[in-house]
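Here is the structure we will look at.
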């Protein structure tokens, strides 16, 4: 489920649907908080979040 949320977030960001992108990114971040994840998974989500913030100021 973690990777599905990450991929959907990236897909919606790529198609300029920022609201859905933010929603799925939040799901992935909540997954990290609730379940034990590898450092690689955490790095992927944090990098994805930083990439979105760098390109668009959509997450406030």
Candidates 5, 39, 17, 51, filtered to the one that is surrounded by 10 or more Cβ atoms within 10 Å (Cβ to Cβ) and more than 10 Å from the chain's Cα centre (by Cα): 17
Pairs, first within 19 Å of residue 4 (Cα to Cα) in the stretch 48-60, second modelled with pLDDT under 80 and surrounded by 12 or more Cβ atoms within 10 Å (Cβ to Cβ), C-beta under 7 Å, six or more apart: 52/58; 52/59
Need pairs with beta-carbon distance below 6 Å; first residue on the phi < 0 side of the Ramachandran plot and outside any helix (DSSP H, G or I) and within the stretch 1-29, second at pLDDT below 85 and surrounded by fewer than 16 Cβ atoms within 10 Å (Cβ to Cβ); sequence gap 6+ or separate chains. none
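The values are calculated or read from the model by the stated rules, or taken from the named source; none is laboratory data. In this text, all values refer to a predicted model and were calculated from it rather than measured experimentally. FYI the Cβ positions are ideal-geometry reconstructions off the backbone, even for glycines, and counts take in every protein chain you see.
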